[in-house]
1. Evaluate the stretch A:701-710: report whether one residue or more is more than 11 Å from chain B (Cβ to nearest Cβ), over 30 Å from A:Lys518 (Cα atoms) and at pLDDT 95 or above.
2. Looking at the stretch B:112-137, which of its residues are within 16 Å of ligand 2 (Cβ to nearest atom), touching a residue at least 60 places away in the same chain (Cβ under 8 Å) and open to solvent by 10 Å² or more (accessible area, probe 1.4 Å)?
3. Can you find a residue in the stretch B:138-158 that is within 12 Å of chain A (Cβ to nearest Cβ) and open to solvent by 60 Å² or more (accessible area, probe 1.4 Å)?
4. Is there a residue in the stretch B:16-24 that is surrounded by fewer than 19 Cβ atoms within 10 Å (Cβ to Cβ), assigned to a strand (DSSP E or B) and assigned by TED's automatic domain parsing to the domain that holds B:Val62?
5. Can you tell me which condition B:His37 does not meet? The list is (1) in contact with a Leu (Cβ under 9 Å, 6 or more places away or on another chain); (2) at the interface with another protein chain (Cβ under 9 Å from one of its Cβ atoms); (3) within 16 Å of ligand 2 (Cβ to nearest atom); (4) in a loop (DSSP other than H, G, I, E, B), and all the others hold.
6. From the residues in the stretch A:181-208 that are charged (D, E, K, R) and in a loop (DSSP other than H, G, I, E, B), which one is nearest to B:Thr103 (Cα to Cα)?
7. Filtering the stretch A:499-526 down to residues that are more than 14 Å from every other protein chain (Cβ to nearest Cβ) and at pLDDT below 90, which residue is nearest to A:Glu200 (Cα to Cα)?
8. Might you check whether a residue that is within 14 Å of ligand 1 (Cβ to nearest atom), hydroxyl-bearing (Ser, Thr, Tyr) and over 17 Å from the mean Cα position of the chain (by Cα) occurs anywhere in the stretch B:38-58?
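The values are calculated or read from the model by the stated rules, or taken from the named source; none is laboratory data. All of these numbers come straight from a predicted model, not from anything done at the bench. We place every Cβ from the backbone using ideal geometry, glycine too, and count neighbours over all the protein chains shown. The accessibility values were calculated without ligands, DNA or RNA, using every heavy atom of the protein model including side chains. Shrake-Rupley method; radii C 1.70, N 1.55, O 1.52, S 1.80 Å.
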Amino acid sequence: MTTGTGIGASIKRREDFRFLKGLGRYTDDMTMPNMTYCVFVRSPVAHAKLGKIDLTAASKSPGVVAIFTATDLEAVGGVPCGWLVTDRHNKPMIEPKHPILAAGKVRHVGDPACAVIAETYAQARDAAEKVSIDYQELAAVVDMKKAMLGGAAVHDEAPNNLCFDWELGDKAAADAAFAKAAHICKIDLINNRLVPNAMEPRAAIGAYDLATEEHTLVTTSQNPHVIRLLMGAFVLGIPEHKLRVLSPDVGGGFGSKIFHYAEEALVTWGAKKIGRPIKWVAERSESFLSDAHGRDHVTHAEMAFDKDGMALGLKVDTLANLGAYLSTFAPSVPTWLHGTLMAGQYMTPAIHVNVKAMFTNTVPVDAYRGAGRPEATYVLERLMSKAAAEMGMDQAELRRRNFIRKFPYQTPVAVVYDTGDYDAHLDKALALADYKGFEARRAAAKARGKLRGIGVSAYIEACGIAPSSLVGALGARAGLYEAATVRVNPTGSVAVMTGSHSHGQGHDTTFAQVVADKLGIGIEMVDIVHGDTAKVPFGMGTYGSRSLAVGGTAIVEALNKVIDKGRRIAAHLLEASEADIVFENGAYQVKGTDRKKTFGEIALTAYVPHKYPIDKIEPGLEETAFYDPKNFTFPSGTYICEIEIDPATGETQIIKFTAADDFGNIVNPMIVEGQVHGGLAQGIGQALLENAVYDDNGQLKSGSYMDYCMPRADDLPSFDITTTNTPCTHNPLGVKGCGEAGAIGSPPAVINAICDALRDYGVMHMDMPATPEKIWRALQVAMPKAAE
Amino acid sequence: MPHVTMEVNGKAVKVDVAPSALLVEVLRRDLALTGTHVGCDTSQCGACVVHMNGASVKSCTVLAMQANGAKIVTIEGLSQGTNMHPVQAAFKEAHGLQCGFCTPGMVMSSADLLARNPNPSETEIRSWLKGNICRCTGYHNIVKAIQIAADTMSKKAAAE
Ligand code: FES
Ligand code: FES
């Protein structure tokens, strides 16, 4: 159905009214009676022994209610890590304690040493400035290559700063493939560190009710139940029934709001201590120093080809920066979300990936939009275009030659692709980008003194990490299913409690479309409830483009149970056998007759069971389902970027950006397009603008919007996007996930285009972000060569 | 404590303020108008844009005292009840918002653009929006929304 409000319709979002009218309710919009305010005193240095913390002056500051340091938190656990990676020697990763407030040592600029609680923010800020801490500075570990050599250590447990040394694939097979190669393409690249920068800074409010012994945490989280589990069980020792976690409207996440953060634990714990609610809201400069960062890989990779351009083997060696502590899912990102993607869309028979994950005195690094998959795609897709240039082949043609065309396909890096059609989106993208006409456009640009380039990237993504048994074997300390409850009210309206969390994705609309479609009722009859552990039975939350594929499927499964129960009730009312009753267009009908009961009538009967098989069926109509997927889903796509460089300034302009994605079936095309746009902006931002830069002392030099270049409206073009569809084979909706694709596929497309534009100048690679300065400098070095 | 007198969304208000208080703090905290957001501390993001005497300003960069005697319109005052201003309606129509956090500032800023330039080109729109960061939409649909709003508003103006 593509009309009306059901699956496939681009209906307008139901949540927009409140956001457009200023009626959204974000954490910082909430106040509680008698609330206090918290400001953290954060380390100004990257690595130091904590000497005396002198609170004398601060405690006397007006309005101060309490000041906490690590000494107050001795009975409290550290921030836990949710994924245990086992290294290639079968050793568990090194897992140092991550205290709520720095104990003994600070390990990155921004590491909180002290929490000041006062009657107002202004008073808390003033008092925080009066806290005097003796930082006895130690050498900072910043550069990963130097970190390995030993000397300074972030944690005593890891003298050479290595957390784990992990591998995937068959090294001997890869070596053998390289021995047969006609061409070997090599690359050294950096996947630049990024700061996620959701526009709503993180915030948390903790409260404690002495009467009921209940704790409440309101927090900017993508997954409130996960926070309840981690914080309740591992940090504060609060059982689930005494801890309520709410994530109301959340202003963007992009991964950075998955993790359990120390501030959440501090306000929850502190609220009980002082007997009053505590609110903390990050200032943006604080977000830069305390939100988990993304990416930060240094990689050497080689790819072997035969004389026809068929890929024979791939070897990847990566140093992955984990920062100072292990953030919640950090170990999974450079390993199982990265190595497993190295086959991409290609039949490369032998692959070996080695990842050494390092501690450094920098902000912890964890999942950021794409999480490991952009890093893998960047390596592979840079190699493909570079190899094509070296072998004198067309970059699209080289890819096409190597496409996987038989599904299911077992890759040499553990995963099995269920379905896909890579030619379909390549063809569509080539046509939309007018790839054929490019050389003429290049020549025309050249005549104007400009350098045009075109870059192709063909990405694969793995969404909805699953099944739980597999991820458990890989080290996940949680299951990766989703839960949903469908509550049909007596008058036929429906409330759906979902464990997924919307922080911009539009679940209130998309999920309601699915429900309305399946039940054949009006969408206005459907309410989507999320973000409150007191209302939603359980949930694993929203990340990894999993909401529709996993959360949506849980809803469908619960709906199926509702429909089945309704059928039994209908069979009784219609005096027919269950097998003879079909459910269609919102009514149960006896096959081949016009005898029917609407869904609303059945709902009413379920709650007013006067004429009801009460000995066989319970009254009421409410069902819960937990859905554990059988496999990942594998969206894929082709992105083509065409750019023009002004050699006088080194400035790059994106002339056209084309995206053709296969997301399987689509519930709301308008929302899906929006997700792609946003992902593209972040990927293009990474490629051209964004960079988290640390100096040798571990100071974050790009710690505000003055220095960290966020993509703005005038940095980006409008996008040309389209989709193809091979439905996912193992979930009932046939959906795959679309949230991260844009950020995964676009960085290599942009850099491939830039390298293509600069090919006459002998520039074979340029690290991100490809700023005008970098390009201009490269041209100055190369100019004389090209001028000949 | 000093105080400021302003007209906010058509209502006269008088608020006691510290001399260092920012307009955005007074709006959010004292007047409970939480539609205006704070996304940065360097006057870069535009989540806090409101209208002051008819022009868009970043309310995080205006001292409350500076607003003494001013007419302020926030997102809550741009339209009444269930009505939407054409810019609000166009943002919904074109899916120009996702998480909604930048949205109030975007809408207020866009409304000011269209008041100054009823028929802006894509380049003019993108250049005007430089002071408003959105991390969700990639701006594509925000640009579209402003074009739609420009269209509706000029048609409406022509009809009047
Ligand atoms: S809050 Fe960012 S510009 Fe005002
Ligand atoms: S809609 Fe989320 S920041 Fe713009």
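1. yes
2. B:Gly131
3. yes
4. So far as the stretch B:16-24 goes, yes, one or more of its residues are surrounded by fewer than 19 Cβ atoms within 10 Å (Cβ to Cβ), assigned to a strand (DSSP E or B) and assigned by TED's automatic domain parsing to the domain that holds B:Val62.
5. That leaves (1) as the condition not met.
6. Step by step, filter the stretch A:181-208, then rank; the result is A:Glu200.
7. Here the residue is A:Ser500.
8. yes
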